[in-house]
Amino acid sequence: MSVDPRHDLASGGTGLFEFWTDQGVPVYLHDMDLSSAEVRPVDRVLVLQFEYTERPWTPAAAAPTPVVVMRFEGVTIRGWNQEAAAPVHALGQVEDFEYDGEEAFKLTTCSAIMEFTAARLTITPRSMRE
């Protein structure tokens with residue numbers, strides 16, 4: 001992800017909800033779906049994968065790399081509430097992804113709320129073909 005101070009995770013005050021790649025491509029999680037969540041309790045790792053699934057919501061420059069993988073290490077899950085109240089096509093839609101600037105995270109989708117802490121985060125954009 002971008003290390004440009006005008007386009008990094010803290011620049012707009014949006015944390016992990018909106019950010020940019022090194023190539024200047026905007027990434028808007030609210031236009032993406034949480035497509036998978038992999039929990040590795042022994043390693044204390046959480047891997048979240050987000051995808052642009054709707055062409056109209058995908059930034060033109062992001063079309064070749066519609067997948068964002070977030071790998072959290074040193075994870076402690078504080079809460080995970082899963083409901084299926086939303087229409088099936090919207091279950092993974094990201095509503096918000098809060099970050100306290102230190103170690104606490106809260107991911108809200110149409111069907112789930114995950115709260116956890118993590119010591120380290122790596123974000124990797126990639127194409128669907130990888």
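The values are calculated or read from the model by the stated rules, or taken from the named source; none is laboratory data. Keep in mind that this is a model prediction, so the values were computed, not measured. Glycine gets a Cβ as well: all are built from the backbone with ideal geometry, and neighbour counts include every protein chain shown. Side chains included, ligands, DNA and RNA excluded: accessible areas come from the protein's heavy atoms. Shrake-Rupley method; radii C 1.70, N 1.55, O 1.52, S 1.80 Å.
For L121, work out the one condition from (1) closer than 13 Å to F72 by Cβ; (2) buried (at least 16 other Cβ atoms within 10 Å of the Cβ); (3) modelled with pLDDT under 85 it doesn't fulfil.
So the condition that L121 fails would be (3).
Every residue, every condition in (1) touching an Asp or Glu at 6+ places or on another chain (Cβ under 7 Å); (2) among the charged types (D, E, K, R); (3) at pLDDT 80 or above; (4) open to solvent by less than 60 Å² (accessible area, probe 1.4 Å), yes or no:
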{"site": "P64", "(1), (2), (3), (4)": "no, no, no, no"}
{"site": "F72", "(1), (2), (3), (4)": "no, no, yes, yes"}
{"site": "G92", "(1), (2), (3), (4)": "yes, no, no, yes"}
{"site": "A104", "(1), (2), (3), (4)": "no, no, yes, yes"}
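Of all the residues that make up the stretch 74-88, how many are farther than 17 Å from Q49 by Cα, outside any strand (DSSP E or B) and either modelled with pLDDT of 90 or more or open to solvent by 70 Å² or more (accessible area, probe 1.4 Å) (or both)?
Looking only at that region, the number is 6.
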